[in-house]
Amino acid sequence: MIKSNQDYSALIDIGSNSMRLVIYAKEKSGRLYEVENVKAVSRLSNYLDKQQNLSQEGINVLLSTLTNFAEVLAIYPYQQFVCIATATVRQAHNRDDLIKKVKDQFDWDMVILSEKEEAYYGYLAVVNSTPMTEAITVDMGGGSTEVTYFKDRELIHSHSFPFGTLTLKALYQADFSESKNAQIIHQYVKKQFHSLPWLIDRHVPLIGIGGSARNLAQIDQNEKAYPMAGLHQYQMNLYDINRILNYLVALPLNKREKVEGLSKDRADIIIPAVETFKTLFETVKADRFILSQKGLRDGINYSWLLANHDTAYFPNVLEESLNELVMRYDLNMNQISHVHYLTRQFFDRLAKNQVQGLTSKDWFYLTHAIYVFDLGQFIDPESSAQHTFYLLANQTIDGLLNHEKLKIALIASYKNSVTFNQFIKPFKGWLTKHEQKKFRLIGALLKFTYALDATKRQVIKKIEIKVKKKEIKLKLYYQRNPSAESYQAEKQKKHLEQVLKRKIVLEFIELDQ
């Protein structure tokens with residue numbers, strides 16, 4: 001439903017392989033989220049003639065697609081709009097004429113991004129949506145491939161190569177086999193990558209941006225029957241990339257078009273893309289390949305959002321993402337802060353007594369689970385745990401890799417040992433038995449400390465904890481009537497007792513007013 005009072009923004013991205021119109025609405029947090037995403041496979045780079053002009057046929061495709069986008073745009077009362085173009089329009093010798101045609105027909109100022117700008121926005125998207133502090137990024141489009149290197153989250157190097165999936169496909173020899181053509185691509189891109197000394201032997205993550213990288217990850221997830229939805233920050237290794245490349249090379253085009261996870265419109269260009277990723281992985285000697293669902297368009301959004309800030313990136317990606325969830329689900333920040341205070345006291349005492357091997361690393365998961373504990377109640381209180389786990393495990397949380405997201409989902413959705421085992425069943429290979437037991441304890445601990453603020457009035461002001469071999473005694477100091485908190489704490493402590501194999505004794509003590 002389109003709201004007349006909603007703050008909308010719009011962006012048109014004119015790429016070499018495809019064109020997109022994306023409409024965004026602003027959340028309470030000020031972040032932008034997609035409400036419309038319209039894609040057209042235009043393959044404009046195929047319309048560059050021998051003189052490097054976009055042909056009349058290509059111009060017709062461009063203007064026809066923009067006309068369709070204009071019809072969608074007309075529905076939205078947007079306040080901010082930008083129309084950008086990348087490699088093909090940038091490379092076209094008649095680009096000034098293209099700018100004029102777009103201006104005359106639509107009254108839009110088509111902005112042609114420079115190579116440096118295109119690379120920068122890719123970096124900006126990654127550094128604001130992943131936990132990586134040092135990495136190489138690769139954004140492969142139809143007509144160009146941008147690479148960057150950042151360290152301590154600062155951009156150090158960037159470069160744009162004048163080749164993409166479509167231009168590499170044009171290097172194919174008609175009478176060669178798919179595998180022999182892949183070798184041609186390998187030798188070509190290897191030479192290109194080795195022309196940049198800063199790419200060689202970096203031993204850092206390689207982060208892939210764009211549709212081809214997304215399709216590679218989707219194929220891998222389907223082959224592995226991956227139990228978690230969502231692609232952002234999905235990780236692969238060189239063996240995975242090689243396995244998929246060999247699989248695709250062996251298939252004729254008509255069968256490749258039916259591969260699960262591969263878009264039909266990319267079936268003919270996916271092999272040059274995967275060969276490029278593999279070759280760059282080997283050049284960098286990367287320790288892993290990570291997909292970033294956030295790319296050029298998101299980088300532009302971040303530049304809008306951070307325009308008045310001192311830096312080009314958020315101080316803490318994960319904190320920013322969790323705060324966004326707090327606002328989206330209208331969670332009680334006063335309660336979150338108070339439960340954080342109570343939980344820290346209890347956790348530190350257990351860790352000091354070396355209970356079940358708790359360490360400061362476990363606090364990382366617990367402290368972030370506090371933000372989103374039981375958020376599924378806003379969907380359905382009766383099946384709150386199930387909704388909490390599904391939401392946290394399957395939606396993108398910037399700054400969290402998937403195995404980290406799973407741990408936080410298990411803690412924040414904890415109801416009892418039965419539901420914990422149900423939730424973890426598809427992921428048992430992800431955690432050792434010791435880790436499973438530990439996260440059951442942490443989940444039970446958080447459920448208990450939330451019970452200590454059952455009425456959201458912060459009546460429990462302080463905890464004193466004594467840990468013995470067979471018993472844990474808690475002195476709970478309160479102001480105002482704590483009957484609801486007392487009832488809930490007595491009810492919930494059994495989950496902790498089961499995991500700790502210790503009796504928990506609660507003593508409520510009134511503080512002097």
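The values are calculated or read from the model by the stated rules, or taken from the named source; none is laboratory data. Keep in mind it's a predicted model, so treat the numbers as computed, not measured. Every residue, glycine among them, receives a Cβ derived from its backbone with ideal geometry; neighbour counts consider all protein chains shown.
Scanning the stretch 81-102 for residues that are over 26 Å from residue 7 (Cβ atoms) and in a helix (DSSP H, G or I) yields a total of 12.
Checked against the criterion of being over 18 Å from residue 401 (Cα atoms), among the hydrophobic types (A, V, I, L, M, F, W, C) and either in contact (Cβ under 8 Å) with a residue 60 or more places away in the chain or in contact with a strand residue (DSSP E or B) (Cβ under 9 Å, 6 or more places away or on another chain) (or both), the stretch 223-237 contains not a single residue that satisfies it.
Taking residues in the stretch 193-220 that are surrounded by 19 or more Cβ atoms within 10 Å (Cβ to Cβ) and part of a loop (DSSP other than H, G, I, E, B), and partners anywhere that are at pLDDT 95 or above and among the hydroxyl-bearing types (Ser, Thr, Tyr), not one pair has Cβ atoms closer than 6 Å while being at least 6 places apart or on different chains. A single entry from 494, 461 fulfils the requirement of being over 30 Å from residue 402 (Cβ atoms) and free of Cβ contacts under 8 Å to residues at least 12 places away in the same chain: 494. For the stretch 113-128, a residue qualifies if it is in a helix (DSSP H, G or I), over 14 Å from the mean Cα position of the chain (by Cα) and farther than 16 Å from residue 140 by Cβ, and the qualifying residues are 116, 117, 120.
You will find that of 503, 466, 470, the residue that is more than 30 Å from residue 293 (Cα to Cα), loosely packed, with under 15 Cβ neighbours inside 10 Å and touching an Asp or Glu at 6+ places or on another chain (Cβ under 6 Å) is 503 and no other.
This table checks each residue for (1) under 19 Å from residue 277 (Cβ atoms); (2) of a type in the set (A, V, I, L, M); (3) modelled with pLDDT under 95.
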position: 85; (1), (2), (3): no, yes, no
position: 100; (1), (2), (3): no, no, no
position: 107; (1), (2), (3): no, no, no
position: 144; (1), (2), (3): yes, no, no
position: 148; (1), (2), (3): yes, no, no
position: 154; (1), (2), (3): no, no, no
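The set of residues in the stretch 118-162 being charged (D, E, K, R) and surrounded by fewer than 21 Cβ atoms within 10 Å (Cβ to Cβ) consists of 134, 151, 152, 153, 154.
Just to verify a result, which residue in the stretch 306-343, among those that are farther than 25 Å from residue 129 by Cβ and without any contact (Cβ under 8 Å) to a residue 12 or more places away in the chain, is surrounded by the fewest Cβ atoms within 10 Å (Cβ to Cβ)?
The extreme case among them is 337.
For residue 376, the criteria (1) at positive phi; (2) not in a loop (DSSP other than H, G, I, E, B) hold in every case but one, which is (1).
For residue 284, the test of being hydrophobic (A, V, I, L, M, F, W, C), modelled with pLDDT of 95 or more and closer than 20 Å to residue 159 by Cβ is passed. The one condition from (1) of a type in the set (A, V, I, L, M, F, W, C); (2) within 27 Å of residue 176 (Cβ to Cβ); (3) under 20 Å from the mean Cα position of the chain (by Cα); (4) surrounded by fewer than 20 Cβ atoms within 10 Å (Cβ to Cβ) that residue 249 does not meet is (3).
Just to verify a result, which residue in the stretch 353-363, among those that are touching a residue at least 12 places away in the same chain (Cβ under 8 Å) and of a type outside the set (Val, Ile, Thr), is farthest from residue 386 (Cα to Cα)?
353
Within the stretch 17-32, residues that are under 30 Å from residue 54 (Cα atoms) and without any contact (Cβ under 8 Å) to a residue 60 or more places away in the chain sit with their Cβ atoms under 8 Å from residues that are aromatic (Phe, Trp, Tyr) and crowded, with 19+ Cβ neighbours inside 10 Å, at 6+ positions apart or across chains, in these pairs: 19/69; 21/69; 23/8; 23/76.
So which of 64, 42 is within 20 Å of residue 170 (Cβ to Cβ) and more than 23 Å from the chain's Cα centre (by Cα)?
After ruling out the rest, the residue left standing is 42.
Using the structure shown, decide if residue 404 is surrounded by fewer than 17 Cβ atoms within 10 Å (Cβ to Cβ), assigned to a helix (DSSP H, G or I) and assigned by TED's automatic domain parsing to the domain that holds residue 350. It is false that residue 404 is surrounded by fewer than 17 Cβ atoms within 10 Å (Cβ to Cβ), assigned to a helix (DSSP H, G or I) and assigned by TED's automatic domain parsing to the domain that holds residue 350.
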